[in-house]
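Q: Pasting a structure here, questions to come.
The values are calculated or read from the model by the stated rules, or taken from the named source; none is laboratory data. The structure displayed is predicted, hence computed values, not measured ones. No Cβ is skipped: glycine too gets one built from the backbone with ideal geometry, and neighbour counts run over all protein chains shown.
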Amino acid sequence: MAIDFTFSDEQQAYRDALRDLFQREVGSPEQLERLTAGHTSHHSDELSRKLGEAGLLGPSIPEQYGGAGGGIVEEMILLEEMMRAGAPIGAYAVSLIVAGAVMKFATEEQKQLVLGNVAAGGVEAIAMSEPESGSDVASLTTRAERVDGGWKLNGVKVWISNAHIADRILIVCRDASKTDPTHPKHEGLGMIWVEPGADGVRVERIKTMGGVDEVNYVYLDDVVVGDDAVLGEVGNGWLQLTSGLNVERLIIGALALGQATKAFEDALRYSKERVQFGKPIGRFQVQQHRLADMATDVELARLLVYKVAGDVARNPTALFPKEASMAKVFATEAAERTVNRAFKIHGGYGYAVEYDIARQVPYSLVATTFGGTNDIQRNIIAKTLGL
C-alpha cells in the first residue's frame, strides 16, 4: 500500500507563508526581545494579531467564523512552524483546543464569539486540573450550583495555561445536584465559561522553573453566570471533554515536533560555527553521533504526528486514542532528548540566555506532562492492546 506524506499545494503554500512571516517578525533575538519586552506574559499579542490579519490563524475554523476552513493537518503545520521559529505565541495552542470543543458543541452565538476571537488571534483558556484532580479528571470537585437564570461556581483550578491573559476561561465543573458517590465519577460534569475579571474570579500566577510556561491557579468564589455561558449541556461534560482529548494530544505532539526541530537546527548550526582545537566541533564524532540521533528523532516524530493527523483528517468521526497517545508520547520524549543533546552540544553557552536552548530546556521537561502524563498515555496504549 502506497503511503503519501507529502503536503498538498495549498498546505505547502500555507507552510511557506508561515515561515515567511515568522522570519520577518521573529528572525532575530532582537525581534523576539522587542515582542516580549515589558510584558507580563511571554505571549505576544502583537504577533498573534498579525498572523490573524494575514489569515494564517484558525486553520481548521470554518471560513464563516473568520478561519481558513482547513483541517487538522493545517493545525499541525501551524503549531510545528510556530515552535520551530521560537515564536512567542505558544498560548495559541490552547485556543485551538477550545475552538475544537466549540465547533462541536456550542450555540451559534457562542461560535461567532469564540471562533471569531481565535481566528483573529485572541486567547482562550480551559480549566480542567485541580489540586487533588490531575490525570484523574473525573474526580474534580469544582461545583456548579443551579440558580435563577444561570449557575454559581465554586472551586479551585491549577496549572491553567493562558488564564492570566485569556478573554474567557472554560471551566470544567460538576453539577452540584449530581454528587452521589455511588454513581460513576464522570456523571454530571459540565463546561461553563467565566471571564477572568468577573466578580469572584481570581487568577494567580504559578512561578515555574525558568518561567517559560505560564500557568495559573484560578479561584472561583460564588461566581454567577447566565445559562448562555454553558457549553453544550451541563451533565454532558465528560463526552465534550473526552471527544477533544485525542486532538489535544496530537496538538501537543505537533508543538513538541516543532521544538525538537528548532533544537536540532540550532545545534547543527552551532556545531558548524563553533571552533575548538582548530576545527568546527561538528567534526568530532561524539557531536556527529548526537546530531545523527537528533535528526532521527525529529524525522520519526514528524512521520508519526502527520500520519495520525492524516488518519484523523480522513476519518473525522473516529477518535484514534492509541495513535494520538503514541504521537504525544514519542514526540514529547523525542523533544526532551533532542533539547538535552542540543544543550550538551552548546556546552556552557547552553546555559546562557544569549542562546535559545536555555529557554527550551524547561519546556521540554514539562511537555511530557501536558494533556495527561506520558505514563497515562502508556496506560491508554496498553488498554488498546487488550492488557
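Q: Which residue, of Arg283, Arg302, is farther than 26 Å from Met326 by Cα and either of a type outside the set (Phe, Trp, Tyr) or without any contact (Cβ under 8 Å) to a residue 12 or more places away in the chain (or both)?
A: Arg283
Q: List every residue pair whose Cβ atoms lie under 7 Å apart, where the two residues are 6 or more positions apart in sequence or sit on different chains, the first residue falls within region 53-82 and is on the phi > 0 side of the Ramachandran plot, and the second residue, located anywhere, is surrounded by 22 or more Cβ atoms within 10 Å (Cβ to Cβ) and of a type outside the set (A, V, I, L, M).
A: Partner pairs satisfying both residue conditions: Gly58/Gly67; Gly66/Gly58.
Q: Also: Could you tell me whether region 177-184 includes any residue that is touching a residue at least 24 places away in the same chain (Cβ under 8 Å) and outside any loop (DSSP other than H, G, I, E, B)?
A: Checked against the condition, which is being touching a residue at least 24 places away in the same chain (Cβ under 8 Å) and outside any loop (DSSP other than H, G, I, E, B), region 177-184 yields no hits at all.
Q: Also: Name the residue, out of Arg143, Arg174, that is under 14 Å from Tyr219 (Cβ atoms), charged (D, E, K, R) and modelled with pLDDT of 90 or more.
A: Working: Arg174 fails: under 14 Å from Tyr219 (Cβ atoms).
None of the others qualify; the one that does is Arg143.
Q: Another one. Note down all Cβ pairs under 6 Å where the first residue falls in region 305-318 and is small (Gly, Ala, Ser), the second is part of a loop (DSSP other than H, G, I, E, B), and they're at least six residues apart or on different chains.
A: Taking only residues 6 or more apart or on different chains, the pairs are Ala313/Gly71.
Q: Conditions: (1) surrounded by fewer than 22 Cβ atoms within 10 Å (Cβ to Cβ); (2) in contact (Cβ under 8 Å) with a residue 60 or more places away in the chain. Gln259 meets all but one. Number of the miss?
A: Exception for Gln259: condition (1).
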